[in-house]
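The values are calculated or read from the model by the stated rules, or taken from the named source; none is laboratory data. Because the structure is a prediction, the values reported are computed rather than measured. A quick note on method: Cβ atoms are made from the backbone with ideal geometry, for glycine too, and the neighbour counts reach across all protein chains shown. Surface areas here come from the heavy atoms of the whole protein model, side chains and all, with no ligands, DNA or RNA. Shrake-Rupley method; radii C 1.70, N 1.55, O 1.52, S 1.80 Å.
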2 protein chains.
Amino acid sequence: MVDILHRIGVTAPVSEVYAALTQIDGLAGWWTEDTEGEGDVGGVIRFRFHGAPMPDGFDMKVVDMQPNELVLWEVVDGPAEWIGTRIRFELKREDDFTIVLFRHEGWKEPVEFMYHCSTKWATFLMSLKQLLETGRGEPAPNDVKISNWH
Amino acid sequence: MVDILHRIGVTAPVSEVYAALTQIDGLAGWWTEDTEGEGDVGGVIRFRFHGAPMPDGFDMKVVDMQPNELVLWEVVDGPAEWIGTRIRFELKREDDFTIVLFRHEGWKEPVEFMYHCSTKWATFLMSLKQLLETGRGEPAPNDVKISNWH
């Protein structure tokens, strides 16, 4: 089992970062504009992407939420490599930053698609940082393109 | 043992990407301006950073080079977590892109510093892409800042 790890620091209150990870309009502001569903524990959030050669979306079941501390999703639909993996956001304050420790855990094999997803997650987390610091993120379809896989 | 993985695609010939990974002025154009040393197999390249709360540099021994296909370094000096780890760049052509498969392999534990380094590597690889596509990267000290750890 292998994991994707990232760490960013955002100059915004932890409550605002938590909101951007748990509210549908927050998520739509940094990952993909086409985000729908139910952001509470037990709910499923549907993230859709259009026009990329990659899978067109992911359905995430919200497994755990600890206000201002933790958000945990499990992938219940999407590409085969993602199903059953988990996406974990841990939040904490440090200096004048809200730190996000990100982990996409439980990949079976380090396939080339995992290399791609690791870099894409980094650019989307930078989009989260931008959203909170400037009011404007770069969610799909206007996301940063990193390769022929977009 | 855990690894950092990334994948980018660059719209430049593979020979130019290989040069940016093996020549001192190429490396200085996307990772850190303060790069010195010997880029051939057996040589050591010294990368230095200034003003960050993180370690001030890394010394990489060039372990293997396959023209337009592979560059492999071993970390011989730097922060304890990095020493003995390896940095691998594999190159290939796909569609109209030169694909870079990046792997920083052999971390003993997924410490918080590894989360940070994973995200920083993503932004530096995007700097490599920019350098080759626009003529101008974002090497340190003008690198993209991702957190309180810079």
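Listing for the model above:
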{"read-out": "Assigned charges on the beta-carbon of Lys, Arg, Asp, Glu; the protein assembly as shown dipole about Cα centre (debye)", "value": "0"}
{"read-out": "Other protein chain Cβ atoms within 10 Å, averaged over every residue that makes up B:56-64", "value": "0"}
{"read-out": "Whole-Å distance, taken between Cα centres, linking segment B:1-62 and segment A:1-43", "value": "32"}
{"read-out": "For segment B:21-64: rounded, prolate or oblate by the Cα gyration tensor [a/c cutoff 1.5]", "value": "oblate"}
{"read-out": "For residues of A:118-130, the mean tally of beta carbons on other chains within 10 Å", "value": "4"}
{"read-out": "Delta accessible area of at least 50 Å² on complex formation, residues of segment A:131-150, 1.4 Å probe, chain isolated as reference", "value": "A:ILE146, A:ASN148"}
{"read-out": "Separation between Cα centres of segment B:119-144 and segment A:80-96, rounded to whole Å", "value": "25"}
{"read-out": "Magnitude of the charge dipole, chain A, Cβ model with Lys/Arg +1 and Asp/Glu -1, debye to 20", "value": "260"}
{"read-out": "Rounded if a/c under 1.5, otherwise prolate or oblate - chain A, Cα gyration tensor axes", "value": "rounded"}
{"read-out": "Global geometry of segment A:87-150, whether rounded, prolate or oblate, following the gyration tensor of its Cα atoms and the 1.5 cut on a/c", "value": "oblate"}
{"read-out": "Entries in A:LYS129/B:LYS108; B:LYS108/B:LYS145; A:LYS129/B:LYS145; A:LYS61/A:LYS108; A:LYS108/B:LYS61; A:LYS92/B:LYS108 that, when Cα-Cα distance is taken, lie over 22 Å", "value": "A:LYS129/B:LYS108; B:LYS108/B:LYS145; A:LYS108/B:LYS61; A:LYS92/B:LYS108"}
{"read-out": "Highest-MSF residue in chain A out of A:GLN23, A:GLN130, A:GLN66 [GNM, Cα springs under 10 Å]", "value": "A:GLN66"}
{"read-out": "Accessible-area composition of the protein assembly as shown, carbon plus sulfur, in percent [1.4 Å probe]", "value": "48"}
{"read-out": "GNM result for chain A, Cα springs below 10 Å: residue of A:VAL100, A:VAL41, A:VAL75 fluctuating most strongly", "value": "A:VAL41"}
{"read-out": "Residue-wise HN-Hα coupling along segment A:67-83, computed from phi with Karplus coefficients 6.51, -1.76, 1.60 (Hz; x: Gly, Pro)", "value": "x, 6, 10, 8, 10, 9, 10, 10, 7, 10, 8, x, x, 3, 5, 8, 5"}
{"read-out": "Normalised contact order of segment A:11-150, rounded percent, pairs of Cα under 8 Å and 6 or more residues apart", "value": "24"}
{"read-out": "Among A:PRO53, A:PRO79, A:PRO13, residue whose mean-square fluctuation peaks in a GNM of chain A (springs only between Cα atoms under 10 Å)", "value": "A:PRO53"}
{"read-out": "Across the identical copies, how the A:GLU81 labels are spaced - nm, sorted shortest first, 7 Å along Cα→Cβ", "value": "2.4"}
{"read-out": "Exam field: B:ASN142 pseudo-label spacings to other copies (7 Å along Cα-Cβ), nanometres", "value": "2.5"}
{"read-out": "Residue of chain A nearest the A-to-B rotation axis [by Cβ], rounded angstrom distance", "value": "A:ALA122, 2"}
{"read-out": "Chain A, helix-only ellipticity at 222 nm - DSSP H runs n ≥ 4, -39,500 (n - 2.57), divided by all residues, nearest 500", "value": "-7500 deg cm²/dmol"}
{"read-out": "Cα-only Debye scattering, the protein assembly as shown: base-10 log of I(q)/I(0) at q = 0.10 Å⁻¹", "value": "-0.53"}
{"read-out": "Nearest-20 debye value, segment A:70-125 charge dipole, Cβ charges on Lys, Arg, Asp, Glu", "value": "60"}
{"read-out": "Position B:GLY51, label points 7 Å along Cα→Cβ, spacing to each other copy in nm (shortest first, one decimal)", "value": "3.8"}
